[in-house]
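Visitor: Sharing a structure below in structure tokens format, with a few things to ask.
The values are calculated or read from the model by the stated rules, or taken from the named source; none is laboratory data. These numbers were taken from a predicted model, which means no experiment stands behind them. Cβ: placed from backbone, ideal geometry, glycine included. Neighbour counts: every protein chain shown. Heads up: the accessible areas ignore ligands, DNA and RNA and are worked out on the full protein's heavy atoms, side chains in. Shrake-Rupley method; radii C 1.70, N 1.55, O 1.52, S 1.80 Å.
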Amino acid sequence: MSILVTRPAPEGNQLVERLRLTGRQAWHLPLIEFLPGRQLSECTSCLATLNDDDIVITISGRALTYLGPFMLAQPRSWPRHINYLAIGKSSALALHHYCQQPVEFPEITLSENLIDLPCLEHISGKTCLILRGNGGRELLGDTLQSRGAKVRYFECYQRVALNYHGPEQAFHWRQKGISTIIVTSGEMLNLLYELVPAVDRNEWLLHCRLIVVSERLATIATDFGWRDIIVADGADNDALLRALR
């Protein structure tokens with residue numbers, strides 16, 4: 001099995017290293033990179049507007065990579081009498097490290113599981129501040145709004161697509177014998193599909209086994225034409241390794 005990992009650095013590099021330690025052939029092709037968000041300068045005033053029992057949700061540990069150090073340099077600290085939630089354990093640990101408050105998170109790192117947390121059942125009238133990149137997780141925001149919450153998004157980082165020469169990449173990875181590809185977001189799945197020329201899609205890409213991190217992503221992949229799809233039980237590297245077993 002030759003495996004292509006498309007998730008960004010550093011998680012993508014770390015996964016490739018772990019795969020190689022198990023004797024597998026694995027390579028890294030990050031499809032996006034990250035830059036600081038355009039709203040960081042507004043974070044202190046934004047957090048200061050929250051009332052008691054309002055909610056802050058981080059949907060990525062990467063949000064804290066940028067927001068956390070920025071907040072440390074500000075005179076105001078994280079508010080104490082609000083509820084802190086995270087999409088998964090790693091992002092919860094990152095948020096707790098900076099806010100020093102309890103952080104709730106679901107066992108499975110998916111928006112669908114976060115939405116099911118009991119603390120998000122009765123939120124009418126509350127403000128939910130979602131820490132994220134430039135777009136994403138609309139299901140979460142839409143669901144919270146349908147429950148009567150006022151949803152505000154805060155851009156902590158930007159995702160930027162990396163540019164590659166599609167025919168050259170397709171030739172290279174076919175030569176490497178890639179038969180399994182790991183994709184962890186719909187955005188990256190779309191970038192991968194568009195990158196590869198149509199002839200290589202039909203002859204190679206769509207015949208690869210695809211490892212994804214949610215049923216929603218599996219549905220998108222099916223619509224693109226993939227048939228051999230495995231859904232991991234989470235989005236972290238441990239879950240992806242379990243799926244490969």
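Visitor: Rounded to the nearest 10 degrees, what's the angle between the helix 11-21 long axis and the longest principal axis of the chain, both from Cα atoms, 0 to 90?
Guide: Computed tilt is about 50 degrees.
Visitor: Report the relative contact order of the chain, percent, no decimals, based on alpha-carbon pairs under 8 angstrom and at least 6 residues apart.
Guide: On the way: 441 pairs, mean separation 50.1, N = 245.
RCO, the chain: 20 percent.
Visitor: ³J(HN,Hα) across the stretch 41-57 via Karplus (A = 6.51, B = -1.76, C = 1.60, θ = phi - 60°), whole Hz, x for Gly/Pro?
Guide: Once rounded to whole Hz, the list reads 5, 9, 5, 4, 5, 5, 5, 5, 7, 6, 9, 3, 6, 5, 10, 10, 10.
Visitor: Along the positive direction of the dipole of the chain (beta-carbon charges: Lys, Arg +1; Asp, Glu -1; about the Cα centre), which of L117, L139, N13 reaches farthest?
Guide: Among L117, L139, N13, the one farthest towards the positive end of the dipole of the chain is N13.
Visitor: Need one value: the accessible area of F34 in square angstrom, 1.4 angstrom probe, rounded to the nearest 10.
Guide: 40
Visitor: For I57, enumerate residues with amide H under 5 Å from its amide H, sequence gap 5+ or separate chain, H modeled in the peptide plane.
Guide: L85, L129, I130, L131
Visitor: Another question, if that's okay. Can you pull out the trypsin sites (Lys or Arg not before Pro) in the stretch 1-57 that DSSP calls coil and that have at most 13 other Cβ atoms within 10 Å? Don't skip to the answer; put the middle values down first.
Guide: Details: sites: R18, R20, R24, R38; in loops: R24, R38.
Answer by residue number: R38.
Visitor: So if I place +1 on the C-beta of Lys and Arg and -1 on the C-beta of Asp and Glu, and nothing else carries charge, what would the dipole magnitude of the chain be about its Cα centre? I want it in debye, nearest 20. Walk me through the intermediate numbers first.
Guide: On the way: 24 positive and 26 negative charges, 93 e Å.
Charge dipole, the chain, about its Cα centre: 440 debye, nearest 20.
Visitor: Also, quick follow-up: Looking at the stretch 46-161, I'd like the Rg to Rh ratio, where Rg is from alpha-carbon atoms and Rh is Kirkwood's inverse mean 1/r.
Guide: Numbers: Rg = 13.1 Å, Rh = 14.1 Å.
Ratio of gyration radius to Kirkwood radius: 0.93.
Visitor: While we're on this one: H96 to E168: FRET efficiency via 1/(1 + (r/R0)^6), r the Cβ-Cβ distance, R0 35 Å, to the nearest 0.05?
Guide: Working: r = 44 Å, r/R0 = 1.25.
About 0.20, to the nearest 0.05.
Visitor: Cα to Cα, under 29 Å, and not fewer than 8 places away if on the same chain: which lysines meet these conditions relative to K89?
Guide: The qualifying lysines are K126, K150.
Visitor: Write down the Kirkwood hydrodynamic radius of the chain, to one decimal in angstroms, obtained as one divided by the mean of 1/r over all alpha carbon pairs. Intermediate values should be presented prior to the final figure.
Guide: On the way: mean 1/r = 0.0523 Å⁻¹.
With all distinct Cα pairs of the chain included, I get 19.1 Å.
Visitor: For a Förster distance of 30 Å, can you work out the FRET efficiency between the beta-carbons of Q175 and T222, rounded to the nearest 0.05?
Guide: Numbers: r = 27 Å, r/R0 = 0.92.
Using R0 = 30 Å, I get an efficiency of 0.65.
Visitor: Kindly report the accessible area of the chain per residue (heavy atoms of protein chains, probe 1.4 Å, no ligands, DNA or RNA), in Å². Write out the running numbers ahead of the final one.
Guide: Working: 11920 Å² over 245 residues.
Result: 49 Å² of accessible area for each residue.
Visitor: Work out from phi, with θ = phi - 60° and the Karplus expression 6.51 cos²θ - 1.76 cosθ + 1.60, the ³J(HN,Hα) of each residue of the stretch 102-116, listed in order in whole Hz, and give x for Gly and Pro.
Guide: Rounded to whole hertz, the list is x, 10, 8, 7, x, 5, 10, 7, 9, 4, 4, 7, 4, 4, 7.
Visitor: Out of the GluC sites (Glu not before Pro) in the stretch 1-108, which ones are loop residues according to DSSP with at most 13 other C-beta atoms within 10 Å?
Guide: Details: sites: E11, E17, E33, E42, E104, E107; in loops: E107.
The qualifying sites are E107.
Visitor: Considering only the chain, what is the antiparallel percent among its DSSP beta bridges, to the nearest 5?
Guide: Numbers: 5 of 34 bridges.
DSSP beta bridges in the chain are roughly 15 percent antiparallel.
Visitor: Separate question: Could you give the angle, 0 to 90 degrees to the nearest 10, between helix 166-175's Cα long axis and the longest principal axis of the Cα atoms of the chain?
Guide: Around 60 degrees separate the two axes.
Visitor: Between the stretch 168-214 and the stretch 1-71, what is the separation of their alpha carbon centroids in Å?
Guide: 22
Visitor: With +1 assigned to the C-beta of every Lys and Arg and -1 to the C-beta of every Asp and Glu, and no other charges, what is the dipole magnitude of the stretch 1-77 about the Cα centre in debye, to the nearest 20? Could you put the intermediate results ahead of the total?
Guide: On the way: 7 positive and 7 negative charges, 100 e Å.
Dipole about the Cα centre, nearest 20: 480 debye.
Visitor: Quick one: which residues, 5+ away or cross-chain, put their amide H under 5 Å from the amide H of V151? H built at 1.01 Å from N.
Guide: C128
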